[in-house]
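Quick notes on the structure that follows.
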């Protein structure tokens with residue numbers, strides 16, 4: 001691929017970042033355009049985005065990219081100037097162009113030219129841009145005729161001993177800028193003296209009613225060569241002939257006066273230059289926008305790491321401080337040390353909060369891609385949708401943002417695919433043709449709540465039970481005692497799909513169980529509210545951040561482990577008598593559920609012996625999705641804010657362990673991963689799964 | 001040293017322009033939008049302004065009109081794109097001296113700047 005070799009790596013980076021930003025913006029805005037063609041700001045924004053990419057891609061030498069964006073821009077320009085109406089054809093063509101643009105951007109990254117042919121796409125865009133165009137530039141081939149007022153002006157000029165010139169010039173016949181060049185010539189001459197008349201007139205030039213020739217009558221003190229140099233300074237201007245007119249030649253024969261001909265517009269021009277145009281007071285808003293900087297994500301991650309180290313030290317300082325204070329309560333120096341360390345702790349807290357804030361990214365970074373997707377899906381399936389998003393400005397830690405995209409996408413697809421009915425079905429059900437899908441994000445007490453609500457057909461819980469039974473995922477006893485609210489959660493069991501047939505939209509093997517697992521892994525939760533025939537609402541709760549979490553410290557066989565508090569359902573002491581055995585597995589009854597229990601050492605594979613049970617056993621009930629499992633541990637310690645560190649490449653993925661942390665006493669502790677622990681417990685005891693599947 | 005004020009909302013274009021001009025012995029000051037350009041102009045007192053037409057909020061034309069109010073002799077060259085003839089036309093009417101078409105070649109930019117500065 002031939003690109004501009006003169007671009008530095010730093011410049012490439014900026015180019016790619018900026019282009020990506022504009023593409024994301026276009027992705028969202030072009031879809032909005034269909035609904036909001038009256039929104040002037042929006043139309044401007046779309047135009048500018050295409051325009052920016054065109055400019056930059058031209059500079060980097062990506063000819064195809066700039067050709068494509070040029071075609072898009074031309075069309076968008078017509079739309080924003082209302083020379084064209086927004087239609088679904090146009091939106092389709094623009095989205096098509098945008099997809100091609102994404103592929104072309106990819107070329108820059110991979111440094112390999114794709115086989116994408118943009119010619120038909122460009123042709124289509126051009127066709128649409130010209131289709132309804134009513135205005136074509138009229139080419140006027142007039143002759144220079146002076147009006148009485150022109151002649152009066154000339155007389156006055158002559159009395160001041162100004163020279164009068166008749167100037168002829170032109171631009172090449174393939175110039176796209178003839179009118180502009182002529183305007184420049186008139187401007188240059190205007191600075192040197194006065195343009196008395198011209199063909200085409202200033203007004204005609206302004207309206208681009210020009211061919212490739214220009215004739216001017218000019219008065220001024222400058223000599224011929226000065227005039228020539230000024231005119232020649234305008235690009236594209238070809239030869240310039242200048243004729244010095246005498247009084248006699250003007251009023252005798254060479255220039256005829258013709259009453260009633262159009263007066264030229266030099267005065268208007270001057271007025272426009274010195275007049276007082278309206279300016280909006282935007283200075284404040286603009287300088288506000290300037291108060292942000294772009295930071296490399298790596299720098300942010302580094303900062304976060306440093307703060308995490310501090311958070312660990314904070315716990316240690318606090319612990320040592322407590323010990324010292326208890327021991328030397330009356331010592332002034334210790335007290336002073338205590339005060340200082342308290343202050344440091346306070347500062348570290350603030351620092352942590354602020355860094356967390358810096359890492360926050362508005363959820364719009366993923367939301368912005370959805371309108372396009374929804375439109376495509378709905379169109380493909382012939383469904384009519386009114387899709388609305390709220391709270392796009394809600395912020396989440398960027399690591400969560402990255403991981404929540406796929407689950408949300410899946411929910412959205414499901415909603416359109418299975419939730420919303422086709423227009424005719426809706427009409428029969430007494431609903432409006434237009435289905436409503438609403439996606440909302442908001443902050444709620446240290447959590448982010450994302451809801452996806454549709455007014456579709458709802459989830460048939462009876463059918464869910466039936467299928468689960470048929471597939472052997474639940475027992476008839478389970479089914480019988482199951483409320484509708486519980487039954488709806490069957491949707492999260494692996495291997496269950498209510499769709500009668502899979503479409504290419506959803507049902508690609510990624511099930512709701514994966515959605516739930518992903519959300520669980522983030523320390524979040526998902527709930528469903530559904531009314532048959534009325535609609536469904538998914539409620540996803542997410543923590544604001546995952547890097548620092550609340551953990552429960554436990555000890556087992558002399559080692560300390562941490563269970564994220566979000567995975568802990570409860571802790572209890574269980575008497576040996578309450579532990580039953582089903583299929584050689586120990587279980588306890590917890591309210592309505594049967595919960596398998598197992599020693600932590602055993603499940604982690606550190607001990608092969610059966611779990612030794614005492615008279616009274618400490619059990620931590622963990623929750624992974626719908627699964628509950630009880631871990632038998634030696635003791636429960638404290639609750640602590642912990643910094644989750646990955647295990648690193650050396651250890652790789654260890655089943656059951658999600659990471660490690662440094663405790664306030666300086667020791668390293670492993671962080672347990674509830675969902676993989678629950679899976680590990682189920683393995684080897686297939687029938688247990690049935691018992692655990694529903695709580 | 002001849003001072004140039006480069007006004008463009010696109011970071012990449014600013015970077016390119018500044019690099020080119022600096023390499024050719026000009027002193028460059030950048031502004032990322034119209035309001036900033038208006039703030040910087042009286043302070044920086046550039047010899048030439050390269051002003052992008054298409055910018056959010058205050059576009060190049062409005063910025064130009066304001067600049068001309070501050071300094072009627074301001075030497076402003078508009079930076080534009082193919083297909084923006086009408087905008088260029090309004091800019092010329094509003095007092096722009098010249099313009100450069102994006103994607104621009106270095107020679108053309110330097111020529112324009114040199115002509116205006118001279």
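The values are calculated or read from the model by the stated rules, or taken from the named source; none is laboratory data. These numbers were taken from a predicted model, which means no experiment stands behind them. Virtual Cβ from ideal backbone geometry, glycine too; neighbours counted across all protein chains shown.
Worth pointing out:
- Note on segment A:373-384: residues that are surrounded by fewer than 20 Cβ atoms within 10 Å (Cβ to Cβ) and either touching a strand residue (DSSP E or B) at 6+ places or on another chain (Cβ under 7 Å) or not assigned by TED's automatic domain parsing to the domain that holds residue A:512 (or both) amount to 2.
- Tally, over segment A:572-607, of residues that are closer than 19 Å to residue A:676 by Cα and part of a loop (DSSP other than H, G, I, E, B): 4
- Residue check, residue A:43 part of a helix (DSSP H, G or I), touching a residue at least 40 places away in the same chain (Cβ under 8 Å) and not assigned by TED's automatic domain parsing to the domain that holds residue A:387: no
- Filtering segment B:14-24 to residues that are touching a strand residue (DSSP E or B) at 6+ places or on another chain (Cβ under 7 Å) and within 14 Å of another protein chain (Cβ to nearest Cβ) leaves B:14, B:17, B:18, B:22.
- Here residue A:115 meets the list (1) within 21 Å of the chain's Cα centre (by Cα); (2) not in a helix (DSSP H, G or I) almost entirely, failing just condition (1).
- Residue satisfying all of: in segment B:66-83; at the interface with another protein chain (Cβ under 8 Å from one of its Cβ atoms) and outside any strand (DSSP E or B); surrounded by the fewest Cβ atoms within 10 Å (Cβ to Cβ) among these: B:72
- Some residue of segment A:86-102 being surrounded by fewer than 22 Cβ atoms within 10 Å (Cβ to Cβ) and outside any helix (DSSP H, G or I): yes
- Residue check for residue B:22: touching a helix residue (DSSP H, G or I) at 6+ places or on another chain (Cβ under 7 Å), over 22 Å from residue A:41 (Cβ atoms) and surrounded by fewer than 19 Cβ atoms within 10 Å (Cβ to Cβ): no
- Selection count, segment A:64-84, where residues are assigned to a helix (DSSP H, G or I), without any contact (Cβ under 8 Å) to a residue 40 or more places away in the chain, more than 9 Å from chain B (Cβ to nearest Cβ) and more than 21 Å from the chain's Cα centre (by Cα): 1
- Residues that are out of contact with any strand residue (DSSP E or B) (no Cβ under 8 Å at 6 or more places or on another chain) and more than 7 Å from chain A (Cβ to nearest Cβ) were ranked within segment B:84-101; the one that is surrounded by the most Cβ atoms within 10 Å (Cβ to Cβ) is B:84.
- Within segment A:39-56, considering residues that are in contact with a helix residue (DSSP H, G or I) (Cβ under 8 Å, 6 or more places away or on another chain) and more than 8 Å from chain B (Cβ to nearest Cβ), the one surrounded by the fewest Cβ atoms within 10 Å (Cβ to Cβ): A:40
- The listed residues are A:542, A:613, and the only one of them that is within 28 Å of the chain's Cα centre (by Cα), at pLDDT below 90 and either assigned to a strand (DSSP E or B) or farther than 26 Å from residue A:483 by Cβ (or both) turns out to be A:542.
- Per-region count, segment A:148-185, residues within 14 Å of chain B (Cβ to nearest Cβ) and outside any helix (DSSP H, G or I): 5
- One residue stands out among those in segment A:207-218 that are closer than 23 Å to residue A:173 by Cβ and at pLDDT 85 or above: the one that is nearest to the chain's Cα centre (by Cα), which is A:212.
- Of all the numbered requirements in (1) at pLDDT below 85; (2) surrounded by 14 or more Cβ atoms within 10 Å (Cβ to Cβ); (3) farther than 19 Å from residue A:358 by Cβ, residue A:344 misses one, and that requirement is (1).
- Search result, residues across segment B:25-52 that are surrounded by 15 or more Cβ atoms within 10 Å (Cβ to Cβ), more than 9 Å from every other protein chain (Cβ to nearest Cβ) and in a loop (DSSP other than H, G, I, E, B): B:26, B:46, B:47
- Selection count, segment B:106-115, where residues are at the interface with chain A (Cβ under 10 Å from one of its Cβ atoms) and more than 14 Å from the chain's Cα centre (by Cα): 1
- Within segment A:220-234, the set of residues being touching a residue at least 40 places away in the same chain (Cβ under 8 Å), part of a helix (DSSP H, G or I) and under 52 Å from the mean Cα position of the chain (by Cα) comprises A:230, A:231.
- Every residue from segment A:191-213 that is surrounded by 20 or more Cβ atoms within 10 Å (Cβ to Cβ), away from chain B (no Cβ under 14 Å) and in contact with a helix residue (DSSP H, G or I) (Cβ under 7 Å, 6 or more places away or on another chain): A:196, A:197, A:198
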